Amino acid sequence: MKQVFGLILLIIICFCSFDGIGQAYVGKISERELIYQDETYEFDLDGDGKDESIKQNSYKEKDGYFYTKLYINNELVYGDKNLKEIDIHFSDFNKRDKNKELCITTGYNEENLKTTILMYDKNGNKIYNIKGRILSYDNKTGLIKFEYGNSSDSSFKSFDKALGGNGVTILYNYKAVFNKSIDNREQKRINVVGESDKVDYKVVEPIKSYKTVSGNKEAFIINAGEKVNLVTLYKSRDKQYVKIKNKDGQSAWVKIGCTKLFEIES
């Protein structure tokens with residue numbers, strides 16, 4: 001019993017003593033990573049052994065917007081405005097490389113959330129603008145999970161043409177950070193959310209629908225001009241499907257190729 005109690009105590013101590021951005025971490029961006037207003041921080045952003053000086057200045061104007069400016073070594077590297085205060089975090093998304101990142105979150109609802117990841121480089125900073133906000137990350141692998149992303153900025157980009165040329169809001173989007181680059185990670189199935197799952201899509205020409213994504217058992221024909229809503233995107237190797245729901249409440253899967261199948265009802 002004493003041995004078990006000692007083991008539990010050791011686990012608690014190890015968990016509670018976690019502090020430091022360089023350690024293994026899986027979870028949300030935390031308050032300890034926040035860059036506070038008008039405070040100067042010293043971090044080695046590019047792994048050269050020398051600290052950079054980081055400072056942010058934020059203020060609210062009469063127009064109701066919050067304005068934020070971010071400086072590295074007294075040089076302005078980022079500026080933006082938002083209806084809510086802009087959060088800037090210092091993060092180490094992948095502890096396998098020597099780089100650290102500055103993460104800026106703007107927007108105020110699921111349709112306009114945006115994450116900007118800034119990677120400092122003396123020869124020119126790299127800035128990645130990504131739809132959605134970070135839900136969690138794993139700094140052992142560099143994998144970042146975004147919520148309220150966009151299909152155009154994900155592994156489902158190939159669906160855009162069939163869906164009328166526009167991306168749709170998706171529940172999650174996965175990307176990986178390594179050595180000052182960010183790449184999409186493949187996803188098999190993702191739900192369409194936000195305003196995108198309420199939009200009426202008009203069928204361009206008659207198309208077959210299927211009961212599942214495996215097999216060829218037909219569900220029903222969707223006639224040209226019929227209106228449907230998008231439910232789920234599915235992608236596996238050479239298979240691409242979108243799950244739709246018609247105005248009668250019937251759901252089915254439609255094969256996606258490189259031709260336009262739907263257009264947004266104006």
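A few remarks follow.
- Residue in the range 85-101 that is open to solvent by 10 Å² or more (accessible area, probe 1.4 Å), without any contact (Cβ under 8 Å) to a residue 40 or more places away in the chain and in a strand (DSSP E or B) present: no
- Within the range 114-136, restricting attention to residues that are part of a strand (DSSP E or B) and touching a residue at least 60 places away in the same chain (Cβ under 8 Å), the residue that is surrounded by the fewest Cβ atoms within 10 Å (Cβ to Cβ) is Ser136.
- Within the range 137-165, considering residues that are aromatic (Phe, Trp, Tyr) and over 21 Å from Ser91 (Cα atoms), the one surrounded by the most Cβ atoms within 10 Å (Cβ to Cβ): Phe156
- Cross-chain or 6+ apart pairs with Cβ under 6 Å, the range 209-227 first and within 9 Å of Ala252 (Cα to Cα), then in a loop (DSSP other than H, G, I, E, B): Lys211/Lys217; Ala219/Lys211
- Here the condition is being within 18 Å of Ile130 (Cβ to Cβ) and modelled with pLDDT under 95; of Lys175, Lys180, it holds for Lys180 alone.
- Of all residues making up the range 166-195, the number that are open to solvent by 50 Å² or more (accessible area, probe 1.4 Å) and either assigned to a loop (DSSP other than H, G, I, E, B) or out of contact with any Leu (no Cβ under 8 Å at 6 or more places or on another chain) (or both): 9
- Only one of Leu102, Leu118, Leu113 that is of a type outside the set (Lys, Arg) and farther than 17 Å from Gly47 by Cα: Leu113
- From Glu111, Glu52, residue being touching a residue at least 60 places away in the same chain (Cβ under 8 Å), touching an Asp or Glu at 6+ places or on another chain (Cβ under 8 Å) and open to solvent by 20 Å² or more (accessible area, probe 1.4 Å): Glu111
The values are calculated or read from the model by the stated rules, or taken from the named source; none is laboratory data. Computed from a prediction, not measured in an experiment: that's the story for all the values here. With ideal geometry, Cβ positions are generated from the backbone for all residues, glycine too; neighbour counts draw on all protein chains shown. Just so you know, the surface numbers come from the protein's heavy atoms only, side chains and all, with ligands and any DNA or RNA stripped out. Shrake-Rupley method; radii C 1.70, N 1.55, O 1.52, S 1.80 Å.
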